[in-house]
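Peer 1: Questions regarding the structure given below will be posed in turn.
The values are calculated or read from the model by the stated rules, or taken from the named source; none is laboratory data. This is a predicted model, so every value here is computed, not measured. Note that each Cβ is placed from the backbone with ideal geometry, even for glycine, and that neighbours are counted across all protein chains shown. Side chains included, ligands, DNA and RNA excluded: accessible areas come from the protein's heavy atoms. Shrake-Rupley method; radii C 1.70, N 1.55, O 1.52, S 1.80 Å.
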Amino acid sequence: SQTIHQWPATLVQPVGSPLSLECTVEGTSNPNLYWYRQAAGRGLQLLFYSVGIGQISSEVPQNLSASRPQDRQFILSSKKLLLSDSGFYLCAWSRDRGRTGELFFGEGSRLTVL
Amino acid sequence: KQEVTQIPAALSVPEGENLVLNCSFTDSAIYNLQWFRQDPGKGLTSLLLIQSSQREQTSGRLNASLDKSSGRSTLYIAASQPGDSATYLCAVSGNNRLAFGKGNQVVVIP
């Protein structure tokens, strides 16, 4: 069976510090991978999308970047965090192409920037 | 641009009652619709996926219907239990995009 892992679960970082959130998927190959941010009262916002190693699509211009160094690994990064980067970050994967397949989410990472 | 609405944002029901949650979307040209459950501080758990060619999907006490022409989906939870308390989100895919509603926050009162 397929599983998705995300870490760390909780992170408190000062403004201006770097960020690295990691996500890995097990039990499947060549998945589509996604990073979402969930803010209170605002729903889920797609940040990045990847169909393969090194292939990243950005949905929203921002202070964040994503990388996919391996087939089942997806990393969300920032060089200098802003207060507005605080939120709940969710990694997800799907089998189907075209961002229309069934989505499976990780447990999320709560980021607080102080 | 697809817009997904879930009303009401929050509701409470006594244990044992059937839950009815609604999801409406503006563009009927969809590929599929997915219902998720989210517990506080946790990720989303997929409950049901309905393909555009289907009218409904069932899993245990859960039943989801889809009416593309009217832009609506309904999630039924039979005989609600306190453990059903959570936020339920629907997501609609189409045109290479996935649009989420903001969710229905449900409390089942023992």
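Peer 1: Give me the residues in segment A:100-114 whose solvent-accessible area, probe 1.4 Å, is reduced by at least 30 Å² once all protein chains are included instead of the chain isolated.
Peer 2: SASA drop of 30 Å² or more in segment A:100-114: A:T100, A:E102, A:L103, A:F105, A:E107.
Peer 1: Also: Given A:L44, A:N30, A:S78, which one lies farthest toward the positive end of the charge dipole of chain A, if we put +1 on the Cβ of every Lys and Arg and -1 on the Cβ of every Asp and Glu?
Peer 2: Positive-most Cα among the choices belongs to A:S78.
Peer 1: In nanometres, what is the gap between the two model label sites at B:A9 and A:E22, each 7 Å from Cα along Cα-to-Cβ?
Peer 2: Roughly 3.8 nm, to one decimal.
Peer 1: Compute the label zone of A:V51 within segment B:23-55: residues whose backbone N is under 20 Å from the point 7 Å along Cα-to-Cβ.
Peer 2: B:30-32
Peer 1: For the protein assembly as shown, which whole-number percentage of the solvent-accessible area (1.4 Å probe, protein heavy atoms only) is attributable to carbon and sulfur atoms?
Peer 2: So the carbon and sulfur contribution to the accessible surface is 50 percent.
Peer 1: Using only protein heavy atoms and a 1.4 Å probe, how much accessible area in total is buried between B and A, to the nearest 100 Å²?
Peer 2: Using a 1.4 Å probe on protein heavy atoms, the buried area is about 1600 Å².
Peer 1: Something else now. Bin all alpha-carbon pair distances of chain A at 10 Å intervals from 0 and give each bin's fraction as a whole percent.
Peer 2: Using 10 Å bins, I get a P(r) of 15, 50, 29, 5 for chain A.
Peer 1: Continuing with the same structure: Rounded to the nearest 5, what is the percent of antiparallel bridges among the DSSP beta bridges in segment A:5-114?
Peer 2: The antiparallel fraction comes to roughly 90 percent.
Peer 1: If you count, for every residue in A:37-46, the Cβ atoms of partner chains within 10 Å of its Cβ, what is the mean?
Peer 2: Mean partner shielding for this stretch: 4.
Peer 1: Ok, one more. I want to check the label-to-label distance for B:E56 and A:Q13. Put each point 7 Å from Cα in the C-beta direction and report it in nm to one decimal.
Peer 2: Once both label points are built, they end up 4.7 nm from each other.
Peer 1: Mind checking the per residue accessible area of the protein assembly as shown for me, 1.4 Å probe, whole number of Å²?
Peer 2: It amounts to 47 Å² per residue over the protein assembly as shown.
Peer 1: Please work out the Cα convex hull volume for segment B:1-79 and give it in Å³ per residue.
Peer 2: Spelled out: Cα convex hull of segment B:1-79, divided by residues, is 110 Å³.
Peer 1: Right, something else. Lysines within cross-link reach of B:K68: Cα-Cα under 29 Å, excluding same-chain residues under 8 positions apart?
Peer 2: By straight Cα distance, B:K68 reaches B:K1, B:K102.
Peer 1: Run a plain Debye calculation on segment B:44-110 (Cα atoms as equal point scatterers, no solvent) and give log10 I(q)/I(0) at q = 0.23 Å⁻¹, rounded to two decimals, same order as the q list.
Peer 2: -1.15
Peer 1: State the Kirkwood hydrodynamic radius of the protein assembly as shown in Å, one decimal place, computed from all pairs of distinct Cα atoms.
Peer 2: 18.1 Å
Peer 1: Could you list which residues have their amide H under 5 Å from that of B:L47, counting only those 5 or more apart in sequence or on another chain, with H placed in the peptide plane?
Peer 2: Those qualifying (amide H under 5 Å, at least 5 residues apart or on another chain) are B:W35, B:F36, B:R37.
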